[in-house]
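The values are calculated or read from the model by the stated rules, or taken from the named source; none is laboratory data. Note that the coordinates shown come from a computational prediction; the quantities given were computed from them, not determined experimentally. In this analysis, Cβ positions are derived from the backbone assuming ideal geometry, glycine residues included, and neighbour counts consider all displayed protein chains. Keep in mind that these areas ignore ligands, DNA and RNA; they rest on the heavy atoms of the full protein, side chains included. Shrake-Rupley method; radii C 1.70, N 1.55, O 1.52, S 1.80 Å.
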Amino acid sequence: MKKDRATPLHRPGLHDSAELHVRGTATYVDDQPLLPGELHGYPVVSPHAHARITGTDAGAARALPGVHAVLFGADVPGLNQAGPIAHDEPLLADEEVHYVGQMVALVLAESFEQARVAAAQVRIDYEVLEPSLDLVAAIEKDDFLGGPLKLERGDVDAALAGAAEVLEGVVESPGQEHLYLETHAARCVPGEGQTYFVSASTQHPSECQAKAAEILGVPRSQIVVESPRMGGAFGGKESQGNYPVGLAVLGAHATGRPVRIRFDRETDIRVTGKRHPWRSEYRAGFDAEGRIQALEVKSYAVAGFSLDLSIAILQRCLFHLDNAYFVPNARYQGWAVRLDTVSNTAFRGFGGPQGMVVIEEILSRLAERRGVDAAGLRAANLYGVTGGTTVWGQEVDDRLPRIWRELSASAGYEERRERVEAFNQKSRWLKRGLAFSPVRFGISFTTSFLNQAGALVLIYADGSVQLNHGGTEMGQGLHAKMRAICAHELGLPAEAVRVMPTATDKVPNTSPTAASSGSDMNGQAVREACERLRSRLRPVAAGLLGLPAGQEGEVRFAGGDALVAGEPDRKVSFAEVAQAAYLQRVSLSATGYYATPDIAFDWSTGTGRPAHYFAFGGAITEVEVSGLTGEYRVKRVDILHDTGNSLIPTLDLGQIEGGFVQGMGWLTTEELYWEEGGRLATLGPSTYKIPAAGDMPEHFEVKLLERASQPDVIHGSKAVGEPPLMLALSVVGALRAAVQAFGPAGREVELALPATAEAVLRSVERQRA
């Protein structure tokens, strides 16, 4: 039987854990068997948004059965800090608390339930202080953790003064709970000589290693952090994983026993940060044809009580305030605002969505005011139509106009627009809306030094392969893509490569798996390691194949064999080559390393190259709205997305669908409700509504842009994790169009976000007024 020599790259493929997920046998951190003597931890949290700690008493808790320890900030042997950048986040608050849910103590007991019950018996005395909970009031007091950041081009004031039309307003976008299926979890096993092995649900094992070392006051080499797999993360386990890891290592150090930390759902939601709520104040100028002439934005991110990653998130917001549109004159400013709330953190899109929502609302308002087609207005302002450089001078290629042309044709936009208008004229209580929105998203970490990755590939003498790389698997299929790259480079079937759990003792100093760059950077590192191994194996294979000295370059690896170019029947198995290499004392392990080239940005001058390239996409969405209840259905979504030459198309299609739906949830149903005093009331799926099966579009068509290979990226591919989320802005545009149809032409729509049924009904009533 002839072997299939086709590469696993650029072909449909399964997620590497798909069968395990279906069978329910995939192992996550909290699924790991209990070790002898293992303890469970449960945190004691603050009931106040701002208070001074005046006393503690853990006597009653320590007396309960099964309780082994109650630990406070004073018990931390090293640095009592978990903040990823600034030292402004105590692992356990020891002087003041700054949000409802801030951790103050850790109870360690023989069972989770014993620890939870004992935590309620720990007495903390507080002097309650006035909290800062109002964003506008904090802005007026200049209560900032960072900023202003600024990007500027051209003469904004002159362009606004000369514009045919100027729009002014405020856009507020909501926070969002990550609500990953697997809550935060970590387990620490102490070893001999002050060494510790940590298994954690984290996107950033190296940062968890660094923070654990600081907390214990030991070198990083004493700690190994492994990330086996995550049941979702979405940015919520990039920096926030420092907390459960910190608690686990603190508990293991204090007791000398293995310690497991697993947040229940309510604790996870209370303790951890969300997507940043945002407020942006803008002035936008347009010419008579509707082309953007100037845009001024003052943008305020709700950082919460500490810095976390807010500055980098604010930077990305400013980079994406123009989304997919050329703005010749711009002035963007941004601040991170301090409030006595949980410290907000990374979330899929990392500030980009909060920036894009501003320009999308502006263009919708202009179209509503002028009574023109909003999609046509957007298309006329795309990069590549009126200009091709960003505010900071980086070139944007011309894929956006092509995406609009191909998508509008395949989705039948013009014909459907006529049908929607005809339906709305005949229907009194139901109205439909149709909208297009594009996306331009920069790919690379905004923090330049994070743009690096490593890999370690091991070939065993029987020809089997183990692959280690610095990226983490959170369900997105990164391991499957890395396995396909490794198999392709070594000429093996994907099944011959085993991807190992990500660990700091295999690949050190890794960057977080974030910024949609996991495949780009780790894939290049894997390829480099495999190229080194191929160069060592070629002379060995040449000898086995009987090639004369100097003809090693004729050897090719494919289909599990080494063969001679042009002579497919002259071959030897990869396993034979590996065995011969071992006997000839040829090294069968290699590291690979990649640093993204030409990435730098100078905020003092507002110049540089913060993105290696841009990912693009477009979506056309149709909705139907009830004017009696505000309820609506997403009837149809058509997406055309640029993934370059996709590494595994089936995985990319899944990411696009999932990203869009998650963005739709942020913008329409997911409402964080805070009670008076800063207490969060939406603590689980019963009160916090993520999209469910009934919310899916009735017709959902996703296509990948063809003939779109991206130069200087691994095998011509493009990142796909974050950009599709922002295509959900088309849902808001469609809702606005449907709401406008309930009122007179020329009346602008006021629609709060998230656009829940209640918000839509209020908007409809304003249109009718």
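Table for the structure above
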| quantity | calculated |
| --- | --- |
| Region 189-210 - residue that is open to solvent by 10 Å² or more (accessible area, probe 1.4 Å) and in contact with a Phe, Trp or Tyr (Cβ under 9 Å, 6 or more places away or on another chain) and, of those, nearest to K237 (Cα to Cα) | V189 |
| Within region 440-462, tally of residues that are open to solvent by 70 Å² or more (accessible area, probe 1.4 Å) and more than 30 Å from Y613 (Cβ to Cβ) | 2 |
| Pick from region 631-685, criterion out of contact with any strand residue (DSSP E or B) (no Cβ under 9 Å at 6 or more places or on another chain) and of a type in the set (D, E), ranking: modelled with the lowest pLDDT | E676 |
| Members of region 13-33 that are under 24 Å from P258 (Cα atoms) and without any contact (Cβ under 8 Å) to a residue 60 or more places away in the chain | T25, D31, P33 |
| Residue in region 518-526 that is surrounded by 24 or more Cβ atoms within 10 Å (Cβ to Cβ) and of a type in the set (S, T, Y) present | yes |
| From A233, A303, A284, A213, residue being of a type outside the set (S, T, Y) and out of contact with any helix residue (DSSP H, G or I) (no Cβ under 8 Å at 6 or more places or on another chain) | A233 |
| Given (1) free of Cβ contacts under 8 Å to residues at least 60 places away in the same chain; (2) within 27 Å of P691 (Cα to Cα); (3) surrounded by fewer than 17 Cβ atoms within 10 Å (Cβ to Cβ), number of the condition T650 does not satisfy | (1) |
| Candidates E113, E130, E182, filtered to the one that is without any contact (Cβ under 8 Å) to a residue 60 or more places away in the chain and among the charged types (D, E, K, R) | E113 |
| Among (1) in contact (Cβ under 8 Å) with a residue 40 or more places away in the chain; (2) surrounded by 14 or more Cβ atoms within 10 Å (Cβ to Cβ); (3) within 23 Å of the chain's Cα centre (by Cα), the one test that P691 misses | (1) |
| Residue within region 335-348 that is within 26 Å of G154 (Cβ to Cβ), in a strand (DSSP E or B) and open to solvent by 10 Å² or more (accessible area, probe 1.4 Å) present | yes |
| Tally of residues being outside any strand (DSSP E or B), among the hydrophobic types (A, V, I, L, M, F, W, C) and touching a residue at least 40 places away in the same chain (Cβ under 8 Å) across region 445-454 | 2 |
| Subset of region 409-439 that is over 24 Å from S626 (Cα atoms) and in contact with a helix residue (DSSP H, G or I) (Cβ under 7 Å, 6 or more places away or on another chain) - its residue that is surrounded by the fewest Cβ atoms within 10 Å (Cβ to Cβ) | P438 |
| Residues of region 648-661 satisfying the condition of being of a type outside the set (G, A, S) and either part of a loop (DSSP other than H, G, I, E, B) or under 30 Å from P711 (Cβ atoms) (or both) | I648, P649, T650, L651, D652, L653, Q655, I656, E657, F660 |
| Test: residue in region 715-722 that is of a type in the set (S, T, N, Q), farther than 19 Å from V358 by Cβ and at pLDDT 95 or above | yes |
| Subset of region 216-270 that is assigned to a loop (DSSP other than H, G, I, E, B) and of a type in the set (A, V, I, L, M) - its residue that is most open to solvent (accessible area, probe 1.4 Å) | V218 |
| Residues of region 592-611 classified as touching a residue at least 40 places away in the same chain (Cβ under 8 Å) and open to solvent by 30 Å² or more (accessible area, probe 1.4 Å), total | 10 |
| Unmet requirement for G13, which otherwise passes all of (1) modelled with pLDDT of 95 or more; (2) assigned to a loop (DSSP other than H, G, I, E, B); (3) surrounded by 12 or more Cβ atoms within 10 Å (Cβ to Cβ) | (1) |
| Region 636-647, subset assigned to a strand (DSSP E or B) and of a type in the set (D, E, K, R), residue most open to solvent (accessible area, probe 1.4 Å) | R636 |
| Index of the failed condition, A745 passing every other in (1) over 16 Å from V357 (Cβ atoms); (2) part of a loop (DSSP other than H, G, I, E, B); (3) at pLDDT 95 or above; (4) open to solvent by 40 Å² or more (accessible area, probe 1.4 Å) | (3) |
| Conditions (1) surrounded by fewer than 22 Cβ atoms within 10 Å (Cβ to Cβ); (2) of a type outside the set (F, W, Y); (3) more than 20 Å from the chain's Cα centre (by Cα); number of the one not met by A294 | (1) |
| Identity of the residue in region 23-65, part of a loop (DSSP other than H, G, I, E, B) and of a type in the set (G, A, S), that ends up nearest to G251 (Cα to Cα) | G37 |
| Count - residues of region 597-635 that are in contact with a Lys or Arg (Cβ under 7 Å, 6 or more places away or on another chain), in a loop (DSSP other than H, G, I, E, B) and farther than 30 Å from Q425 by Cβ | 3 |
| Selection from region 480-502 of residues that are open to solvent by 10 Å² or more (accessible area, probe 1.4 Å) and either in contact (Cβ under 8 Å) with a residue 12 or more places away in the chain or in contact with a helix residue (DSSP H, G or I) (Cβ under 6 Å, 6 or more places away or on another chain) (or both) | K481, R483, H488, E489, L492, P493, A494, A496, R498, V499, M500, P501 |
| Pair list, Cβ < 7 Å and 6+ apart or interchain, from region 373-394 residues that are closer than 15 Å to G154 by Cβ to residues that are surrounded by fewer than 19 Cβ atoms within 10 Å (Cβ to Cβ) and polar (S, T, N, Q) | W392/T607; G393/T607 |
| Residue within region 729-738 that is part of a loop (DSSP other than H, G, I, E, B) and open to solvent by less than 30 Å² (accessible area, probe 1.4 Å) present | no |
